[in-house]
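Below: one structure, written as structure tokens.
The values are calculated or read from the model by the stated rules, or taken from the named source; none is laboratory data. Keep in mind it's a predicted model, so treat the numbers as computed, not measured. Quick reminder, even Gly has a Cβ in these numbers, built from the backbone with ideal geometry, and neighbours come from all protein chains shown.
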Amino acid sequence: MTLLRIRNLTVEFATASGAFRAVDSVDQDIGNGEILAIVGESGSGKSVSMLAVMGLLPWTAKITADEVSFDGQDLLNMDPRARRRIIGKDLAMIFQEPMSSLNPCFTVGWQIKEALRFHLKMDRKARHARAVELFEQVGIPDPEKRLSAFPHQLSGGMNQRVMIAMAIACKPKLLIADEPTTALDVTIQAQILDLLASLRDETGMGLVLITHDMGVVAETAERVSVQYAGQKVEEQPVADLFNTPHHPYTAALLDALPERATARLLPTIPGVVPGQFDRPAGCLFSPRCKFADAKCKATPPPPLGTDLGHARCFYPLNTADRIAS
Amino acid sequence: MLKYTLSRLLTFIPTFIGVTLISFSFIRALPGDPIVVMAGERGLSDERYAELATQYGFDQPIYMQFWDYLTGVLQGDLGTSFVTKRPVWDEFFTLFPATLELSICAMIFAIALGLPAGIIAAVNRGKFLDRALMSTALVGYSMPIFWWALLLIIVFSGNLGWTPVSGRIDLLYYFPNATGFMLIDSVASGQSGAFTSAVRHLLLPTIVLGTIPLAVIARQTRSAMLEVLGEDYIRTARAKGMSPGRINGVHALRNAMIPVITVIGLSVGTLLAGAILTETIFSWPGIGKWMVDSIFRRDYPVVQGGLLLIAVMVMIVNLTVDMLYGVINPKIRKR
């Protein structure tokens with residue numbers, strides 16, 4: 001069953017020099033208990049689309065969509081009060097920088113119990129018991145003592161565990177993790193990813209993992225959505241994506257993985273993601289694509305079918321005729 | 001924390017000596033001679049002048065005079081007023097409650113209005129309410145305090161007759177000075193109408209004295225709130241589904257209080273300086289008016305002692321503010 005359903009989501013930011021389109025007609029479905037990874041370079045709009053779902057974008061953002069619904073409820077036209085009853089309860093999010101995402105003025109216990117108090121109306125004793133339980137669940141040793149610690153007294157990894165504990169406090173149906181491991185060192189990264197995956201197994205919640213790290217994707221995700229310059233360019237189950245990428249951008253991303261490198265020099269994708277002023281008329285990837293022709297540069301390609309991973313490309317890779325040619 | 005407090009107390013010593021030196025030399029740099037002022041228009045003979053100069057120690061070299069003064073101060077002797085012949089210490093503590101009462105009321109006024117104004121402006125950033133509040137604050141900040149006082153007196157005391165022009169209480173009421181705080185003493189006296197009278201006397205001086213701190217606090221609260229509202233942990237609070245009221249009033253305000261507390265602390269210095277003007281205009285019998293009168297009378301010990309005590313007050317307030325940082329944001333406690 002579809003938990004989060006997004007159709008034709010577009011987010012534009014009003015800037016001094018005109019509107020900037022950060023997310024461009026994105027469709028997305030996330031099922032119950034599924035792990036979806038959204039990958040892309042910096043500036044590809046992967047965080048923005050999820051922040052739009054959460055309603056956390058600043059007022060300069062203009063959100064348009066045909067549909068954004070969560071658990072059967074229309075998030076798009078919901079009044080803010082009703083939305084706040086869902087956000088933080090059934091739909092939770094954790095962020096990239098655990099150190100700055102926790103309020104320095106309050107103990108971590110206070111910050112966890114706050115959600116329990118407002119969403120679940122638990123009394124003081126129940127809140128405390130639940131907070132201890134949550135800390136144990138996310139693997140924080142000595143929870144009784146840690147609850148009264150301030151964020152600056154804990155390490156980055158511990159703070160991210162606190163963030164996770166806070167996000168899963170009300171047993172959400174969907175957890176959005178926005179680059180949860182980027183600010184952490186490698187050994188801690190693996191622990192946090194294991195924790196998120198095991199929490200999914202225990203609680204059956206859906207998990208959206210926003211990342212630019214293909215290693216993280218391979219390790220954790222079940223389905224992968226690749227975003228480029230605000231558009232979803234391809235989506236496939238993780239194994240298929242790694243084996244038979246259809247969009248040239250996905251292929252180029254995979255080629256750039258150190259694990260797959262065969263030559264002495266690591267392959268890179270020349271150029272940068274188009275910005276506000278150099279947005280191509282046709283396919284957004286065409287200026288950097290080695291297969292692009294005149295058609296690609298003139299007309300934007302529509303998404304292909306499910307069998308071709310919804311790839312936005314006129315000449316998808318790893319298809320019968322492509323291999324033949 | 002104790003070590004920090006002690007090290008802060010040590011920094012009081014140079015400040016203390018500096019203030020003593022400055023107050024001692026500034027009053028002497030003013031033209032005019034206290035003995036001549038004391039003698040009045042009739043003047044006095046050269047013999048009598050020399051006698052008095054010896055009595056007050058003015059015949060000594062200036063550095064000896066300073067040394068005598070400093071050793072006196074360190075033993076708790078601030079000297080005796082030339083004019084009233086009473087110890088400076090006693091005079092100060094007779095008058096200080098009046099200033100303290102006025103300053104506390106002014107500060108409460110400034111915080112009670114400035115803090116909400118700043119928060120409202122920050123939350124409505126760029127909108128009409130924000131601009132209206134901040135322009136008003138700018139006017140309040142730029143207005144000369146004596147002019148503002150006179151304006152209020154003309155309107156509220158003169159034209160409307162709502163408030164008295166000067167003093168702390170109507171002459172109708174008389175009761176002993178138990179605490180020195182008119183609001184408390186008037187209630188303790190049990191005389192009907194005394195408290196109301198005290199409040200009505202306090203009203204205009206409070207507004208006048210509180211206006212500049214009010215403007216400063218409002219502007220500082222706004223900018224601190226705007227900065228904090230852009231922080232990641234505010235996004236976290238929103239992601240938790242907290243209401244805007246709770247986010248602004250709890251999550252953001254606590255963090256924004258650090259710079260606000262700083263300006264409140266600094267305002268105390270401004271407040272005591274402002275008290276000098278305000279008290280003079282409203283004939284408020286506090287240390288501000290006492291200092292001004294003493295400067296005109298060239299009452300050296302009073303000016304020196306008064307400045308020193310005011311400086312100590314400001315230092316204590318600033319130390320308290322520094323201690324408060326750690327209470328509000330525990331991260332600062334760990335240096």
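Hey, does the stretch B:27-43 have a residue that's under 23 Å from the mean Cα position of the chain (by Cα), part of a helix (DSSP H, G or I), among the small types (Gly, Ala, Ser) and within 26 Å of residue B:269 (Cβ to Cβ)?
The answer is no, given that none of the residues of the stretch B:27-43 is under 23 Å from the mean Cα position of the chain (by Cα), part of a helix (DSSP H, G or I), among the small types (Gly, Ala, Ser) and within 26 Å of residue B:269 (Cβ to Cβ).
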Restricting attention to the stretch A:259-301, which residues are farther than 23 Å from residue A:18 by Cβ and either in contact with a Leu (Cβ under 6 Å, 6 or more places away or on another chain) or among the charged types (D, E, K, R) (or both)?
A:259, A:260, A:264, A:288, A:290, A:293, A:295
Would you call residue B:262 among the hydroxyl-bearing types (Ser, Thr, Tyr), more than 14 Å from chain A (Cβ to nearest Cβ), over 30 Å from residue B:56 (Cβ atoms) and within 14 Å of the chain's Cα centre (by Cα)?
no
Go through A:149, A:177, A:129, A:197 for me and flag whichever is surrounded by fewer than 19 Cβ atoms within 10 Å (Cβ to Cβ), of a type outside the set (Lys, Arg) and outside the structural domain of residue A:104 (by the TED database).
A:197
Just name the residue that is surrounded by the fewest Cβ atoms within 10 Å (Cβ to Cβ) out of those in the stretch B:278-323 that are among the hydroxyl-bearing types (Ser, Thr, Tyr), touching a residue at least 40 places away in the same chain (Cβ under 8 Å) and more than 17 Å from residue B:107 (Cα to Cα).
B:283
Filter the stretch B:187-237 for residues that are surrounded by 20 or more Cβ atoms within 10 Å (Cβ to Cβ) and more than 29 Å from the chain's Cα centre (by Cα); which is nearest to residue B:150 (Cα to Cα)?
B:228
In the stretch A:2-35, which residue that is farther than 11 Å from residue A:70 by Cα and of a type in the set (Asp, Glu) is surrounded by the most Cβ atoms within 10 Å (Cβ to Cβ)?
A:24
Among the numbered conditions (1) modelled with pLDDT of 90 or more; (2) more than 9 Å from chain B (Cβ to nearest Cβ); (3) over 22 Å from residue B:228 (Cα atoms), tell me where residue A:86 comes up short.
(2)
If you take the residues of the stretch B:242-254 that are over 26 Å from the mean Cα position of the chain (by Cα) and under 22 Å from residue B:323 (Cα atoms), which of them is nearest to the other protein chains (Cβ to nearest Cβ)?
B:251
Of all the residues that make up the stretch B:118-143, how many are free of Cβ contacts under 8 Å to residues at least 60 places away in the same chain and in a loop (DSSP other than H, G, I, E, B)?
3
Restricting attention to the stretch A:11-51, the residues that are in contact with a strand residue (DSSP E or B) (Cβ under 9 Å, 6 or more places away or on another chain), part of a loop (DSSP other than H, G, I, E, B), polar (S, T, N, Q) and more than 20 Å from residue A:253 (Cα to Cα) number exactly 1
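From B:96, B:109, B:146, B:181, grab the single residue that is in contact with a Pro (Cβ under 8 Å, 6 or more places away or on another chain) and in contact (Cβ under 8 Å) with a residue 40 or more places away in the chain.
On the way: B:96 fails: in contact with a Pro (Cβ under 8 Å, 6 or more places away or on another chain); B:109 fails: in contact with a Pro (Cβ under 8 Å, 6 or more places away or on another chain); B:146 fails: in contact with a Pro (Cβ under 8 Å, 6 or more places away or on another chain).
Only one candidate qualifies: B:181.
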Filter the stretch A:175-216 for residues that are outside any helix (DSSP H, G or I), more than 25 Å from residue A:235 (Cα to Cα) and of a type in the set (Asp, Glu) and give the result.
A:185
Right, residue A:249: under 24 Å from residue A:219 (Cβ atoms) and either of a type in the set (Phe, Trp, Tyr) or outside the structural domain of residue A:34 (by the TED database) (or both) or not?
yes
Taking the residues in the stretch B:73-105 that are surrounded by 15 or more Cβ atoms within 10 Å (Cβ to Cβ) and of a type in the set (Asp, Glu) as candidates, determine which candidate is nearest to residue B:306 (Cα to Cα).
B:91
Restricting the search to the stretch A:74-83, which residues are within 14 Å of chain B (Cβ to nearest Cβ) and either surrounded by fewer than 21 Cβ atoms within 10 Å (Cβ to Cβ) or more than 21 Å from residue A:28 (Cβ to Cβ) (or both)?
A:78, A:79, A:80, A:81, A:82, A:83
Flag if residue A:188 is within 26 Å of the chain's Cα centre (by Cα) and either more than 12 Å from chain B (Cβ to nearest Cβ) or on the phi > 0 side of the Ramachandran plot (or both):
yes
For the stretch A:89-119, which positions are at the interface with chain B (Cβ under 8 Å from one of its Cβ atoms), in a helix (DSSP H, G or I) and either more than 21 Å from residue B:257 (Cβ to Cβ) or under 17 Å from the mean Cα position of the chain (by Cα) (or both)?
A:101, A:115, A:118, A:119
If I go through the stretch B:215-241 residue by residue, how many of them are facing another protein chain (nearest Cβ under 8 Å) and of a type in the set (S, T, N, Q)?
1
For the stretch B:209-251, which residues satisfy the criterion of being small (Gly, Ala, Ser), part of a helix (DSSP H, G or I) and over 25 Å from residue B:141 (Cα atoms)?
B:237, B:239, B:245, B:249
Among residues belonging to the stretch A:212-233 that are touching a Pro at 6+ places or on another chain (Cβ under 7 Å) and within 18 Å of residue A:26 (Cβ to Cβ), point out the one that is modelled with the lowest pLDDT.
A:229
Determine if the stretch A:64-71 includes at least one residue that is assigned to a strand (DSSP E or B), farther than 25 Å from residue A:32 by Cβ, without any contact (Cβ under 8 Å) to a residue 60 or more places away in the chain and in contact with a Ser or Thr (Cβ under 9 Å, 6 or more places away or on another chain).
yes
Residues that are buried (at least 16 other Cβ atoms within 10 Å of the Cβ): find the helices (runs of 4 or more DSSP H) completely inside the stretch A:217-325 holding 2 or more of those.
A:238-243, A:248-255
